[in-house]
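Asker: Questions regarding the structure given below will be posed in turn.
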Amino acid sequence: GKKCGRCSTRYCGPECQVQHWKEGGHDKLCKPIKKAGGAEQYNANKKYAEALTVAAEVCAEDTKGQTCYICMEAVHPRTGEGLVRGCACGDRPGVASGTTGIAHVSCLAEQ
């Protein structure tokens, strides 16, 4: 099939490619898709960012005033993301702190 010369997005034919450029917004997405390494990675990155935002919002109250146990920052220095609570370790009897498991998803992924 036909594919974009810049970002390699595949199309079933030239008509679909023209339509996607004219009506589907490909002109605005092409460079970000290429930068991400392809349409699949672009979409995966977008879903990851959306899920990360939701997780940080859900955990905001629980992680207020805390820092990441990996980078020791409240806000991730590179991504700007907030904290999530990765586990409920701090809720167990005998565990001294409720801060156990507080981290940035990016820090966990980079480990």
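The values are calculated or read from the model by the stated rules, or taken from the named source; none is laboratory data. The shown structure was predicted, so the numbers you read here are calculated from the model rather than taken from an experiment. Note: ideal-geometry Cβ built from the backbone for every residue, glycine included; neighbour counts use all protein chains shown. Surface areas here come from the heavy atoms of the whole protein model, side chains and all, with no ligands, DNA or RNA. Shrake-Rupley method; radii C 1.70, N 1.55, O 1.52, S 1.80 Å.
Asker: Would you point out the residue of the stretch 82-111, among those that are in contact with a Gly (Cβ under 8 Å, 6 or more places away or on another chain), within 20 Å of ALA49 (Cα to Cα) and assigned to a loop (DSSP other than H, G, I, E, B), that is modelled with the lowest pLDDT? Spell out the reasoning first.
Answerer: Pass one, the stretch 82-111, residues in contact with a Gly (Cβ under 8 Å, 6 or more places away or on another chain): 85-91, 97-104, 108.
From what is left, the residues that are within 20 Å of ALA49 (Cα to Cα) are 85-86, 102-104, 108.
Those left that are additionally assigned to a loop (DSSP other than H, G, I, E, B): 86, 104.
On the way: GLY86: 75, HIS104: 92.
Among those residues, the one meeting the criterion is GLY86.
Asker: Of all the helices (runs of 4 or more DSSP H) wholly in the stretch 1-81, which have at least 2 residues that are touching a Pro at 6+ places or on another chain (Cβ under 7 Å) and without any contact (Cβ under 8 Å) to a residue 40 or more places away in the chain?
Answerer: On the way: elements: 14-23, 26-36, 39-63.
The helices (runs of 4 or more DSSP H) meeting that bar number zero.
Asker: Can you say whether VAL75 is open to solvent by 90 Å² or more (accessible area, probe 1.4 Å) and aliphatic (A, V, I, L, M), as far as the supplied structure shows? Walk me through it before giving the result.
Answerer: On the way: open to solvent by 90 Å² or more (accessible area, probe 1.4 Å): no; aliphatic (A, V, I, L, M): yes.
Judged against the criteria, VAL75 is not a match.
Asker: For the stretch 33-53, indicate whether the set of residues that are modelled with pLDDT of 90 or more, open to solvent by 50 Å² or more (accessible area, probe 1.4 Å), in contact with a helix residue (DSSP H, G or I) (Cβ under 8 Å, 6 or more places away or on another chain) and among the aliphatic types (A, V, I, L, M) is non-empty.
Answerer: There is no residue in the stretch 33-53 that is modelled with pLDDT of 90 or more, open to solvent by 50 Å² or more (accessible area, probe 1.4 Å), in contact with a helix residue (DSSP H, G or I) (Cβ under 8 Å, 6 or more places away or on another chain) and among the aliphatic types (A, V, I, L, M).
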